[in-house]
1. Looking for whichever is of a type in the set (A, V, I, L, M), under 20 Å from Val572 (Cβ atoms) and free of Cβ contacts under 8 Å to residues at least 60 places away in the same chain here; the options are Ala754, Ala739, Ala750, Ala726. Which one fits?
2. For the list (1) touching a helix residue (DSSP H, G or I) at 6+ places or on another chain (Cβ under 9 Å); (2) within 30 Å of Pro601 (Cβ to Cβ), I need the number of the one condition that Glu372 fails.
3. Exactly one condition in (1) of a type in the set (Lys, Arg); (2) at pLDDT 85 or above; (3) more than 22 Å from Gln203 (Cβ to Cβ) is false for Arg26; which is it?
4. Looking at Arg30, Arg39, which is the one that is of a type outside the set (Val, Ile, Thr) and either assigned to a strand (DSSP E or B) or in contact (Cβ under 8 Å) with a residue 60 or more places away in the chain (or both)?
5. Quick check: anything in the stretch 273-287 in a loop (DSSP other than H, G, I, E, B) and either more than 30 Å from Leu24 (Cβ to Cβ) or in contact with a strand residue (DSSP E or B) (Cβ under 7 Å, 6 or more places away or on another chain) (or both)?
6. Got a number for residues in the stretch 619-666 being within 17 Å of Asn609 (Cα to Cα), of a type in the set (Phe, Trp, Tyr) and touching a residue at least 40 places away in the same chain (Cβ under 8 Å)?
Amino acid sequence: MTSAPGKAAIQIGEWIADPGDDSLSRGSERVKIEPRTMRLLARLAESPGMVLSQEELLNSVWSGVVVGPASVYQSVSQLRKILGDTDTPPSYIETVARKGYRLIAPVARLAPPQAATFEEGAIETRPATGIPLPSAAAAWRSRRWIFAAASLALLMMAGAWLWMTRETFNSIVVLPFVDMTEGRTEQAFCDGMTEELSNWLAQVPALRVVARTSAFKFRDKAEDVRAIGSELGATHLLEGSLRRSGDVLRVTVQLVTTKDGSHLWSRSFDTPVGDVLRIQEQIARLIAETLEAKLTPEFDQRLAARRTASALANERYYLALHYTQQITKADNDRAIALYREAVAADADFALAKIGLAGALISQRYFDQRRIEAIAAEAMPLLESVAARSTRLAEFFVARGALYTELRQRDPAMSDLLRAHVLNPNSAQASAALGKFNLTLAQPRDALAYYDEAVERDPLDFNLHANRCLALTDLARFEQAAAACARARSLAPDSHWPYRVSSLLEDARGNIREALRWNEVSLRGDNRVVAVRAERVRLLAGLGLQSQVEAQCSEAYAADPAGARDTFALAAVCLRAAVMHGGTKELRSFAQLHGLTTSDLPNVLFELANAELAGGDAAAARAYVDRAFASPLLLPEDLASPWQARTGSAYLLIAAAALRGSGDEAGATRRLSELSLLLARVTANGVRSHGLYVLKSELAAMRGDPDGAIAELRQAIELGWRNAGFAQIEPYFGALRGRADYRALLEQVRARNAADAARLPSGAASASS
């Protein structure tokens, strides 16, 4: 077999890369890779030892395709996994901080094994020769003649073998094991075992494993295996059952090809409950052997990191995995208890500690628990894991997620990227990177990671809902609507797809539709305060003052503690109080609900914003000073890209309070910082009406009324509706005498009035 013209094979370290058929081979081992991944490797091999920037790689490998830096990192991570280059320091591809990547392995280009020439009807064949390229290692140059002599034989053998096999990527889905125990008392254990078996298989090099959420969609469904394979993109399917009798388990499994439904093999195992890990490992190795996946020492080391010596700890861990995936407060509480029991049974069980940390982080949403309190409990668990094992991708996902919640960007990115390198198979790692980029208002990169996660877990409604958020931030509304519709169809009983659908409709100015989806979300949401806050904001957008006041009172009465810490609710309700009765009403409301004694910087800034709306700059400055003095305030909060995309910026509030109290230099500094933030968010591709309103307010504050009007028009075009608050806040003060500004606000008010008149009876009320 010869490579395509102009696509000579390349020796890179121990591997032969053949761009002609997008394959990598090493001895008898051969792996197919994606064409774009091969182009990336070939581009790196053109300049071994040289640092190539992300921009250079994007331009050369992704020419004509709109992607972000995340695409480069994903492909580099995949290459490292295939090449077995996951240790530190690397042997093949080195990351140069803030600059790019370089290939550090020895490189030599190979001519085809048989180069034919046609002269006067005769065929002359010439043996292939090694044509060395510039090497990244000086020692390689002194040995190149040895390699040149050996390369011909290697390439000819590899070429012949590749021609005969020509296989594609293997992928597998592990369907939920069936509980055959009398009374079906072991289903939770079966679910946990199924999930962990999938996790073990995910460690096999060059094997794509469909994630748990999609696999479990086919529980108890009599679907043809070919249809399952087609829907999930899986070439193979593993199905099994478990029967428990006393302390003995019988586990039966069979491996099926989804191409034609044929059974490749089936096995039965009888084992004590405490020995189930051995059976799990046997199954993983059998599958790898069947699919001709070469198992490396790295694979063995990763499996070792997943084991526990305690049968009780393993059983509790399986059960906790089951409850973690139910995604309710009660089930999360049950999972926490089970993880604690697993850790008590084996204090060195890394996976149980990681699972416990993850369930504690979920309390931020299920229990409205402050992240600082969660971190105080979760971080020591993760640090104890780090002291013993750093080969678990799950560890870096959990710690990266915790750092993300703590708004500690650099360590969050470092951990999540490390997880992605260790296991590019992990939909969890890709999803966590998607969320991380979404919180930084980097929707293009977020979308790339969510798309990657969807490839591995196509039926996970959360991934489609979060894709909807990223597409919404990019103002790609039709694609966002399709993603939201997909999420709703996959999980019609979950609140989250409806909540995201509401955010989408709000983003494009369809307030009535946004209220409709919010109503559906509110009926099924356990975190009522956050959804109520969104409802209040939508009603305020329509200028429905009396309904806003009623909803604010109801929200604070329904969950006083949760409402007190929800700054999004405070942002609307405090300004509504100003509109109703000025600073007197504002202060009465704030004191009644315990807001004036809050230590949360977010709430303090919202109090300052409301005081500015009421015309008391001195009171606003006092709240701003308290916020700056709070140990809970991070730079990431003050210059938050996530908040900027929604139209909120504490830098703006601080600047107005400083200016109002006579500190013009301080105000100018904060406005400059805001300008840099908005430029960065705009460069990231965000196109939201909230962002354009902020840009308009900034221009007005800096004495550029024409620029402010232009930005406000953009905001209105994208769906901005909150003309009521624009009348009382100080940021548009320089525009209020202009006829074009008044005309724009009148245009918005007319649309609001028309929509408000068409609201169904009772639509402004929240569900109980």
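1. None of the other options fit; the residue is Ala726.
2. Result: Glu372 passes all but (1).
3. (3)
4. From the options Arg30, Arg39, the qualifying one is Arg30.
5. Checking the stretch 273-287: not a single residue is in a loop (DSSP other than H, G, I, E, B) and either more than 30 Å from Leu24 (Cβ to Cβ) or in contact with a strand residue (DSSP E or B) (Cβ under 7 Å, 6 or more places away or on another chain) (or both).
6. Qualifying residue count, the stretch 619-666: 1.
Okay, residues lined up against (1) among the acidic types (Asp, Glu); (2) in contact with a Phe, Trp or Tyr (Cβ under 9 Å, 6 or more places away or on another chain); (3) crowded, with 18+ Cβ neighbours inside 10 Å; (4) not assigned by TED's automatic domain parsing to the domain that holds Gln203:
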position	(1), (2), (3), (4)
Thr235	no, yes, yes, no
Ser245	no, no, no, no
Thr258	no, no, yes, no
Ser262	no, no, no, no
Ile283	no, yes, yes, no
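Here's the yes/no breakdown for (1) over 26 Å from Glu372 (Cβ atoms); (2) crowded, with 19+ Cβ neighbours inside 10 Å; (3) free of Cβ contacts under 8 Å to residues at least 12 places away in the same chain; (4) not hydrophobic (A, V, I, L, M, F, W, C):
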| site | (1), (2), (3), (4) |
| --- | --- |
| Leu286 | yes, no, no, no |
| His322 | yes, yes, no, yes |
| Gln326 | yes, no, yes, yes |
| Asp331 | no, no, yes, yes |
| Ala352 | no, yes, no, no |
| Ala359 | no, yes, no, no |
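The values are calculated or read from the model by the stated rules, or taken from the named source; none is laboratory data. The shown structure was predicted, so the numbers you read here are calculated from the model rather than taken from an experiment. Counting neighbours? That spans all protein chains shown, and the Cβs are built from the backbone with ideal geometry, glycine included.
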